[in-house]
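Notes follow the structure.
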Amino acid sequence: MLNVMVVDDSIMIRRILSKKLEEMGHTVVAQAKSGQEAVSMYEEYKPDLVTMDITMPLMNGIEALSKIKAEFNEANIVMVTSHGEEELVMDAISKGTKGYILKPINSEKIATVISKIFK
């Protein structure tokens, strides 16, 4: 099972995602409420997987993705996105995201993206 860091500015989304991941047998080692927090926490926790919200204030998920990947190219980061953010998802893919999960989040969507990354 995986050690996961959940990044979202919404405490509700962090809780939902963390609960679903833990129900699937994974360990949520860290939660961050901003891209800035995610960047500073990544080195400390070196999680197997990061779920990263795209739209957050101060530093969005794509900026955080770029900063983490610049230092840790092996990082497995999955974007969490809403309908209508296709352009942002394409930008994230070009910057190295391993996939994306479309809101509303459910266990099946999480399992699908995890199985694609960790075959």
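Taking a ≥ b ≥ c as the square roots of the Cα gyration tensor eigenvalues, region 54-119 comes out oblate, since a/c reaches at least 1.5 and a/b does not exceed b/c.
Our estimate of slack between residue 24 and residue 95, defined as 0.36 nm per intervening residue step minus the Cα-Cα distance, is 22.8 nm.
Mean residue ellipticity, 222 nm, helices only, the chain: the sum of -39500 (n - 2.57) across DSSP H runs of n ≥ 4, divided by residue count and rounded to 500, is -14000 deg cm²/dmol. With contacts taken as Cα pairs under 8 Å at a separation of at least 6 residues, the chain carries a relative contact order of 22 percent.
Would you please classify the overall shape of region 1-48 from the alpha carbon gyration tensor, given that a ≥ b ≥ c denote the square roots of the eigenvalues, rounded means a/c under 1.5, and beyond that prolate means a/b larger than b/c while oblate covers the rest? Provide the component values of the computation, followed by the final result.
On the way: a/c = 3.62, a/b = 1.19, b/c = 3.05.
Taking the square roots of the gyration eigenvalues as a ≥ b ≥ c, region 1-48 is oblate.
Each residue of region 56-66 was assigned a 3J(HN,Hα) from its phi angle through the Karplus expression (A = 6.51, B = -1.76, C = 1.60, θ = phi - 60°), giving 9, x, 6, 9, 6, x, 5, 5, 5, 4, 4 Hz with x at Gly and Pro. Averaged per residue, the chain has 53 square angstrom of accessible surface, using a 1.4 angstrom probe with ligands and nucleic acids left out.
Computed extension length for residue 58-residue 11: 15.3 nm, one decimal, from 0.36 nm per residue of separation with the Cα-Cα distance subtracted.
The values are calculated or read from the model by the stated rules, or taken from the named source; none is laboratory data. The model shown is predicted, which means the values in this text are computed figures rather than measured ones. These accessible areas exclude ligands, DNA and RNA; they are computed on the full protein's heavy atoms, side chains included. Shrake-Rupley method; radii C 1.70, N 1.55, O 1.52, S 1.80 Å.
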